[in-house]
Amino acid sequence: MSALKAVVAVTLALADLDANSRAVQGAHSMAVHPHVPQSATPAVSEQPSPPRPRCPAGTEAGGEPRRAALLALDVNGLSPEAASVAGGVGDPVWCVHGHFDDDRLVDRRHQADPVMMRLSMADAVDCGEQFERSRRWEPAFLTVRLVQRLNEIRPAITLQRDVTVSEPWVTCSVAEAERLADLLLTATERAEVPMPTEGVVDGPFWQKTACPPWCTSRHQADDAYADRVHHADLLPDGKAVIDLVLEQATEGRPEQLEVTVARHYRSTTAVIHVIKSEQTELQLTPSEARTLAAHLRQLLRTASLPADPSRLWKPLDGVTVGGQPAFPCPHRRPWCRGHSKSEIVESRQPGNPLMHSGSVASVPFTIGNSPGSIDISLDTIDGHQPQPFAYLQVVGGDGGGELDVTAIDHTIAALQLAKKLILDNPVGSVKLTADLG
Ligand SMILES: [Zn+2]
Ligand SMILES: [Zn+2]
Ligand SMILES: [Zn+2]
């Protein structure tokens, strides 16, 4: 992630703002950060959001709708413990999904914030010919996340290679993910063994230096250029192969993941291959494999954190967002004012990140005889702008605000508070934010 930074955006020319100032502020927050990608999946961003009818009373989580959850229980066979989560008793601390009693079956799951890592050895994702050349391709990411359906006893870890495909590439149990992390580290150690510098005796004409000590390939003079690769099984007796017990078997054979290391004879670095059932694969550089192993380990630690019974999933008292009742922030940002149900539901689709916002202070001042204020908030946009930034808005001003010494002191104090909130709540600190929340 990028270095810690606070971005102060000052809007100097906003006049005639009214109760909708929050909406304007949101628009400006986006506008001052032009590098925010429009969408991870253009198919989603190209469609305007359909108008959402107001939910009939009684379908929001909490209170009366408890009955609806219990009815769903009969139909879908959820355990009472699982159903109680949607009703508002507790939630794994890592879940950022938000739950409503009228969620569709596919949405009744706990889901963690995705961990995304760039893949330097994968092809970019083609968004389609309808985009101009400069926007047609998106960098390839591997997305790793914790997912747990409400009736499952433990979370699973999914790996997704392509955001345009809704099904994950691999779904592993906790034990399998642990094994995968171990294999990736073993592979990395092998991949980082330096190449020998001495020449080769009795090798084919194309081979100028000896094989790395781990290579068991029998290189031939007529190997095709692409096949001139140092290679060996990572571990003997198929110990580098993981059976994926959560996936559907084919013809009686389980889907499998295998980790191997290979190094082309002219390549500057070895490549770690994570191969699924000899069909598809993920290619990683040694440092990417290390990173993935670290992400998997971190997710496994997160998965074992106890549930958070203190957080009730019900509308916040008297708080509204966009005219709708606000619900607690699914990401547990302690300073976030909450989100409307439609914001939360829409954020489950890729390309619709939640924008978190919380007011820090409103500092009054005057321009001539007109009252104004500098409103300071913390804002952040999931995925694209994960580090919160302080946002200053001059309400009622048509230029710079004329601040007296008291307003200056208040501004500094508020900015210091914003800075403290940023420093006290580092991104990815699930435990810490849960404690505060
Ligand atoms: Zn949840
Ligand atoms: Zn070799
Ligand atoms: Zn939030």
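Of all residues in the range 256-280, which are within 26 Å of the chain's Cα centre (by Cα) and surrounded by 15 or more Cβ atoms within 10 Å (Cβ to Cβ)? Quick ask: steps written out before the conclusion?
Initial filter on the range 256-280 (within 26 Å of the chain's Cα centre (by Cα)): 256-259, 271-276, 280.
Within the range 256-280, Gln256, Leu257, Glu258, Val259, Val271, Ile272, His273, Val274, Ile275, Lys276 qualify.
Can you tell me which residue in the range 230-252 is nearest to ligand 2 (Cβ to nearest atom), limited to those that are β-branched (Val, Ile, Thr) and buried (at least 17 other Cβ atoms within 10 Å of the Cβ)?
Among those residues, the one meeting the criterion is Val241.
Contact list please: Cβ distance under 7 Å, first residue in the range 257-278 and on the phi > 0 side of the Ramachandran plot, second residue modelled with pLDDT of 95 or more and more than 16 Å from ligand 1 (Cβ to nearest atom), pairs at least six apart or on different chains.
Correct list of pairs: Ser277/Glu255; Ser277/Gln256.
Given the condition more than 30 Å from Ser166 (Cβ to Cβ), at pLDDT below 80, touching a strand residue (DSSP E or B) at 6+ places or on another chain (Cβ under 7 Å) and not aromatic (Phe, Trp, Tyr), answer yes or no: does some residue in the range 359-372 qualify?
Yes: the range 359-372 contains one or more residues that are more than 30 Å from Ser166 (Cβ to Cβ), at pLDDT below 80, touching a strand residue (DSSP E or B) at 6+ places or on another chain (Cβ under 7 Å) and not aromatic (Phe, Trp, Tyr).
Going by what's in this entry, would Asp202 be described as out of contact with any Pro (no Cβ under 6 Å at 6 or more places or on another chain), closer than 28 Å to Ala124 by Cβ and of a type in the set (Asp, Glu)?
For Asp202, the condition - out of contact with any Pro (no Cβ under 6 Å at 6 or more places or on another chain), closer than 28 Å to Ala124 by Cβ and of a type in the set (Asp, Glu) - is not met.
Taking the criterion of being farther than 18 Å from Ile272 by Cβ, in a helix (DSSP H, G or I) and among the acidic types (Asp, Glu), would at least one residue in the range 227-235 satisfy it? If you could, list the steps in order and put the result at the bottom.
Residues of the range 227-235 farther than 18 Å from Ile272 by Cβ: 227-228.
Those left that are additionally in a helix (DSSP H, G or I): 227.
Imposing the further condition that a residue be among the acidic types (Asp, Glu) reduces the set to 227.
Taking every residue of the range 227-235 in turn, at least one turns out to be farther than 18 Å from Ile272 by Cβ, in a helix (DSSP H, G or I) and among the acidic types (Asp, Glu).
Take the range 195-222 and flag every residue that is over 20 Å from Thr269 (Cα atoms) and either more than 9 Å from ligand 2 (Cβ to nearest atom) or in contact with an Asp or Glu (Cβ under 8 Å, 6 or more places away or on another chain) (or both).
Val201, Asp202, Pro204, Phe205, Gln220, Ala221, Asp222 - these are the residues of the range 195-222 that are over 20 Å from Thr269 (Cα atoms) and either more than 9 Å from ligand 2 (Cβ to nearest atom) or in contact with an Asp or Glu (Cβ under 8 Å, 6 or more places away or on another chain) (or both).
Need the failing condition index for Gln349 against (1) among the polar types (S, T, N, Q); (2) assigned to a loop (DSSP other than H, G, I, E, B); (3) modelled with pLDDT under 80, just the number.
(3)
Going through the range 134-177 one residue at a time, which ones are aromatic (Phe, Trp, Tyr) and either more than 17 Å from Val245 (Cα to Cα) or in contact with a helix residue (DSSP H, G or I) (Cβ under 6 Å, 6 or more places away or on another chain) (or both)?
Across the range 134-177, the qualifying residues are Trp137, Phe141.
Spot the failing condition for Ile153; the list is (1) more than 18 Å from Gln256 (Cβ to Cβ); (2) within 16 Å of ligand 2 (Cβ to nearest atom); (3) assigned to a loop (DSSP other than H, G, I, E, B), and only one is missed.
Result: Ile153 passes all but (2).
Go through (1) crowded, with 21+ Cβ neighbours inside 10 Å; (2) in contact with a Phe, Trp or Tyr (Cβ under 7 Å, 6 or more places away or on another chain) and name the single condition Leu392 misses.
(2)
Of the numbered conditions (1) buried (at least 19 other Cβ atoms within 10 Å of the Cβ); (2) at pLDDT 90 or above; (3) within 28 Å of Val174 (Cα to Cα), Cys336 satisfies every one except a single condition; which is it?
(3)
Given the criteria of a type in the set (Lys, Arg), more than 16 Å from ligand 3 (Cβ to nearest atom), touching a residue at least 12 places away in the same chain (Cβ under 8 Å) and surrounded by fewer than 18 Cβ atoms within 10 Å (Cβ to Cβ), does Arg297 qualify? So that I can check it myself, show each step before the final result.
On the way: of a type in the set (Lys, Arg): yes; more than 16 Å from ligand 3 (Cβ to nearest atom): yes; touching a residue at least 12 places away in the same chain (Cβ under 8 Å): yes; surrounded by fewer than 18 Cβ atoms within 10 Å (Cβ to Cβ): yes.
Yes.
In this structure, does Val170 turn out to be among the β-branched types (Val, Ile, Thr) and crowded, with 18+ Cβ neighbours inside 10 Å?
Spelling it out, Val170 is indeed among the β-branched types (Val, Ile, Thr) and crowded, with 18+ Cβ neighbours inside 10 Å.
Go through the range 236-277 and give me each residue that's out of contact with any strand residue (DSSP E or B) (no Cβ under 8 Å at 6 or more places or on another chain), of a type outside the set (A, V, I, L, M, F, W, C) and outside any strand (DSSP E or B). Steps first, answer last, please.
As a first pass, look at the range 236-277 and keep what is out of contact with any strand residue (DSSP E or B) (no Cβ under 8 Å at 6 or more places or on another chain): 236-239, 245, 248-253, 266-268.
Among the residues that remain, those that are also of a type outside the set (A, V, I, L, M, F, W, C) are: 236-239, 248, 250-253, 266-268.
Selection gives Pro236, Asp237, Gly238, Lys239, Gln248, Glu251, Gly252, Arg266, Ser267, Thr268.
Tell me which residues, restricted to the range 323-332, are part of a loop (DSSP other than H, G, I, E, B) and within 16 Å of ligand 1 (Cβ to nearest atom).
If the condition is that a residue be part of a loop (DSSP other than H, G, I, E, B) and within 16 Å of ligand 1 (Cβ to nearest atom), then Pro328, Cys329, Pro330, His331, Arg332 are the ones that fit.
Residues of the range 349-370 being surrounded by fewer than 21 Cβ atoms within 10 Å (Cβ to Cβ) and within 14 Å of ligand 3 (Cβ to nearest atom), which ones?
Result: Asn352, Pro353, Met355, Gly358, Ser359.
Read through the list (1) within 25 Å of the chain's Cα centre (by Cα); (2) free of Cβ contacts under 8 Å to residues at least 24 places away in the same chain, then give the number of the only condition that Val201 fails.
Val201 satisfies all of (1) within 25 Å of the chain's Cα centre (by Cα); (2) free of Cβ contacts under 8 Å to residues at least 24 places away in the same chain except (1).
The values are calculated or read from the model by the stated rules, or taken from the named source; none is laboratory data. Keep in mind the model is a prediction, meaning the values are calculated, not measured. Positions of Cβ are generated from backbone atoms using ideal geometry, with glycine treated the same way; all protein chains shown enter the neighbour counts.
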